[in-house]
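Chemist: There's a structure below that I have some questions on.
The values are calculated or read from the model by the stated rules, or taken from the named source; none is laboratory data. Owing to the predicted nature of the structure, the values given are computational and were not obtained by experimental measurement. So basically every Cβ, Gly included, is an ideal-geometry build from the backbone, and we count neighbours across all protein chains shown. Protein only, heavy atoms only, side chains kept; ligands, DNA and RNA dropped before computing areas. Shrake-Rupley method; radii C 1.70, N 1.55, O 1.52, S 1.80 Å.
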Amino acid sequence: MIEYSKNNFKEIFSDAIELLEILEKNSYLAYFVGGCVRDYVMNKSFYDIDITTSARPEEVKNIFNYTIDTGIKHGTVTIGYKQKYYEVTTFRSESNYIKHRFPEKVEYIGDLSEDLKRRDFTINAMAIDKEGNIIDFHNGLEDIKKNIIRTVNEPNERFDEDALRMLRAFRFSSQLGFSIEEKTFNAIKNNAELIKYISIERIISEFKKLFLGKNNINSFNLLLKSEINKYIPFFEHINESNIDFSNFKFEQIIYYFSDKHNIDLKEITKLKLSNSEIKQIKTYYSINDNYNKYSLEQLVYKYNIDDLLFIDNLYLYNRSEDIKNINLPINDFNAVDITSQEIINIFSDKPKGPWIKDKIKSIEDAIIHRKIDNKKEQIIEFLLRKDIIDNE
């Protein structure tokens, strides 16, 4: 639903309006464009403000004191102005896309309407002038009213140019709660295989945003219905989902899918996740494998509380309250009132080996289960008694 009012335009766009005015004073056209316009007319908060202009990159750089060549190859310069940063891109047309992603030819033009033609969806192809007037050549406002995602002009052409746009359709559907227009959706089905040309890193970035959206269940199932997932590693093994992922971390989502669909860990590595993300997913496997083998004290001592609660809630083990009420006397071996060297000295007749770790674990277990206090004399007494028991 469109709720914006021009009355708050100057307040929301604030100092950025001055940039349009400066460009216009230098005889160039300039407008706000893209996501900030979409979010503004939907009365949604936003941070990034993008500007499109008839000024060439070198002309933009001559006008403003502080600029960064963030995307100079494609006509984008970042301006630093009053402690904020704004991407300013020259009106352009694109052609001869390479591997269904990158335009081989970028041509600077002087016409806003031609520039907006190259954009992905109608809701992202609107502009605003310095007075707050909406320029909408592709009925983006109407599509926002109807809550639909629709490509600018012919969808098959838009997806052939840039195959990532297909995933962006599902991502926007999830974030905004919009449906995907039938012709656009059918074009995704027809062009689904083109997603193979997109790097897995960019694909994962879109999935992460999709899963955080308020409409993530419907959007993800719509994605599966399009069968685009058949051409994406790991996700090719998934056929349905009915869990709201908006409160899940991405690692938790991947773990859930891998466990539910019996997907081999080797498939997860194809997603090129970070080492920390892979480690976290393996931790969830470890917790579930040990959940009914360890005492609650051992689980809380070994694992992060939030990770334990995730597994507990996912599998309905119903021990969350007990886990939350566990109050351990120690959190790691550094808090134990004895050092590993002191343990070695107690058993000086033994050569160093795996037994040291076994002793440490037995001490930790005894303390967290409150069989002994965390005091050196009790620990030593326990060790000597334990040593006799071990050798009986």
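Chemist: Within the stretch 260-282, work out how many residues are closer than 16 Å to Phe235 by Cβ and part of a helix (DSSP H, G or I). First the steps, then the outcome.
Modeler: Filtering the stretch 260-282 down to residues closer than 16 Å to Phe235 by Cβ leaves 260-273, 277, 281.
With part of a helix (DSSP H, G or I) added as a condition, the list becomes 260, 265-269, 277, 281.
The qualifying residues number 8.
Chemist: Restricting attention to the stretch 281-299, report how many residues are closer than 24 Å to Asp264 by Cβ and open to solvent by less than 40 Å² (accessible area, probe 1.4 Å).
Modeler: Taking the stretch 281-299 first, the residues closer than 24 Å to Asp264 by Cβ are 281-293.
Among the residues that remain, those that are also open to solvent by less than 40 Å² (accessible area, probe 1.4 Å) are: 281, 283-284, 286-288, 290-291.
Final tally of qualifying residues: 8.
Chemist: Further, regarding this structure: Can you tell which of Tyr285, Tyr301 is in a helix (DSSP H, G or I) and in contact (Cβ under 8 Å) with a residue 60 or more places away in the chain? So that I can check it myself, show each step before the final result.
Modeler: Details: Tyr285 fails: in contact (Cβ under 8 Å) with a residue 60 or more places away in the chain.
So the residue among Tyr285, Tyr301 that is in a helix (DSSP H, G or I) and in contact (Cβ under 8 Å) with a residue 60 or more places away in the chain is Tyr301.
Chemist: Next up: Take Phe245 and decide whether it is in a loop (DSSP other than H, G, I, E, B) and farther than 30 Å from Ile372 by Cα. Explain how you work it out, then say what you get.
Modeler: Numbers: in a loop (DSSP other than H, G, I, E, B): yes; farther than 30 Å from Ile372 by Cα: yes.
For Phe245, the condition - in a loop (DSSP other than H, G, I, E, B) and farther than 30 Å from Ile372 by Cα - is met.
Chemist: Something else now. What's the number of the condition Ile338 fails, among (1) part of a loop (DSSP other than H, G, I, E, B); (2) open to solvent by 70 Å² or more (accessible area, probe 1.4 Å); (3) in contact (Cβ under 8 Å) with a residue 12 or more places away in the chain; (4) at negative phi?
Modeler: (2)
Chemist: Now for a separate question. Given the options Lys324, Lys302, Lys352, Lys376, name the one that is modelled with pLDDT under 95 and either basic (Lys, Arg) or open to solvent by less than 50 Å² (accessible area, probe 1.4 Å) (or both).
Modeler: Values: Lys324 fails: modelled with pLDDT under 95; Lys302 fails: modelled with pLDDT under 95; Lys376 fails: modelled with pLDDT under 95.
Exactly one residue qualifies, and that residue is Lys352.
Chemist: Return the total of residues in the stretch 1-22 being open to solvent by 10 Å² or more (accessible area, probe 1.4 Å) and either part of a loop (DSSP other than H, G, I, E, B) or modelled with pLDDT of 90 or more (or both). Write out each step before concluding.
Modeler: The initial filter retains those residues of the stretch 1-22 that are open to solvent by 10 Å² or more (accessible area, probe 1.4 Å), namely 1-8, 10-12, 14-15, 17-18, 21-22.
Imposing the further condition that a residue be either part of a loop (DSSP other than H, G, I, E, B) or modelled with pLDDT of 90 or more (or both) reduces the set to 1-5, 10-12, 14-15, 17-18, 21-22.
Result for the stretch 1-22: 14.
Chemist: Within the stretch 110-120, restricting attention to residues that are free of Cβ contacts under 8 Å to residues at least 60 places away in the same chain and either in a loop (DSSP other than H, G, I, E, B) or open to solvent by less than 10 Å² (accessible area, probe 1.4 Å) (or both), which residue is farthest from Lys183 (Cα to Cα)? Give the steps one after another, and end with the answer.
Modeler: Our first condition is that a residue be free of Cβ contacts under 8 Å to residues at least 60 places away in the same chain; within the stretch 110-120, this holds for 111, 113-114, 117-118, 120.
Restricting the remaining residues to those that are either in a loop (DSSP other than H, G, I, E, B) or open to solvent by less than 10 Å² (accessible area, probe 1.4 Å) (or both) gives 111, 118, 120.
On the way: Asp111: 28, Arg118: 18, Asp120: 14 Å.
The residue in question is Asp111.
Chemist: Residues in the stretch 368-390: is at least one under 25 Å from Glu251 (Cα atoms) and among the basic types (Lys, Arg)? Step through it out loud before you land on a result.
Modeler: Filtering the stretch 368-390 for residues under 25 Å from Glu251 (Cα atoms) gives none.
Scanning the stretch 368-390 turns up no residue that is under 25 Å from Glu251 (Cα atoms) and among the basic types (Lys, Arg).
Chemist: Can you pull out the residues in the stretch 143-161 that are open to solvent by 20 Å² or more (accessible area, probe 1.4 Å), in contact with a strand residue (DSSP E or B) (Cβ under 9 Å, 6 or more places away or on another chain) and of a type outside the set (Lys, Arg)? Show your work before the answer.
Modeler: Of the residues in the stretch 143-161, the ones open to solvent by 20 Å² or more (accessible area, probe 1.4 Å) are 145-148, 150, 153-154, 156-157, 160-161.
Add one more test, that the residue is in contact with a strand residue (DSSP E or B) (Cβ under 9 Å, 6 or more places away or on another chain), and what stays is 146-148, 150, 157, 160-161.
Result: Asn147, Ile148, Glu157, Asp160, Glu161.
Chemist: So, one more: Can you name the residue in the stretch 128-142 that is in contact (Cβ under 8 Å) with a residue 40 or more places away in the chain and touching a helix residue (DSSP H, G or I) at 6+ places or on another chain (Cβ under 6 Å) and, of all such residues, is surrounded by the most Cβ atoms within 10 Å (Cβ to Cβ)?
Modeler: Gly140
Chemist: Still on this structure: Tyr315 - would you say it is within 34 Å of the chain's Cα centre (by Cα), exposed (fewer than 13 other Cβ atoms within 10 Å of the Cβ) and among the aromatic types (Phe, Trp, Tyr)?
Modeler: On the way: within 34 Å of the chain's Cα centre (by Cα): yes; exposed (fewer than 13 other Cβ atoms within 10 Å of the Cβ): yes; among the aromatic types (Phe, Trp, Tyr): yes.
It is true that Tyr315 is within 34 Å of the chain's Cα centre (by Cα), exposed (fewer than 13 other Cβ atoms within 10 Å of the Cβ) and among the aromatic types (Phe, Trp, Tyr).
Chemist: List the pairs whose first member sits in the stretch 342-368 and is closer than 15 Å to Glu381 by Cα and part of a helix (DSSP H, G or I), whose second member is open to solvent by 30 Å² or more (accessible area, probe 1.4 Å) and modelled with pLDDT under 95, and whose Cβ atoms are under 6 Å apart, counting only residues at least 6 apart or on separate chains?
Modeler: Ser362/Lys386
Chemist: With a cut-off of at least 3 residues that are among the basic types (Lys, Arg), name the helices (runs of 4 or more DSSP H) lying wholly within the stretch 144-197.
Modeler: Working: elements: 155-161, 164-176, 182-191.
Because the criterion is at least 3 residues that are among the basic types (Lys, Arg), the helices (runs of 4 or more DSSP H) in the stretch 144-197 that meet it are 164-176.
Chemist: Further question on the same structure: Count, please, the residues in the stretch 23-36 that happen to be in a helix (DSSP H, G or I) and either under 29 Å from Ile144 (Cα atoms) or open to solvent by less than 50 Å² (accessible area, probe 1.4 Å) (or both).
Modeler: Step one: of the stretch 23-36, the residues in a helix (DSSP H, G or I) are 23-25, 35-36.
Among the residues that remain, those that are also either under 29 Å from Ile144 (Cα atoms) or open to solvent by less than 50 Å² (accessible area, probe 1.4 Å) (or both) are: 23, 35-36.
Total meeting the criteria: 3.
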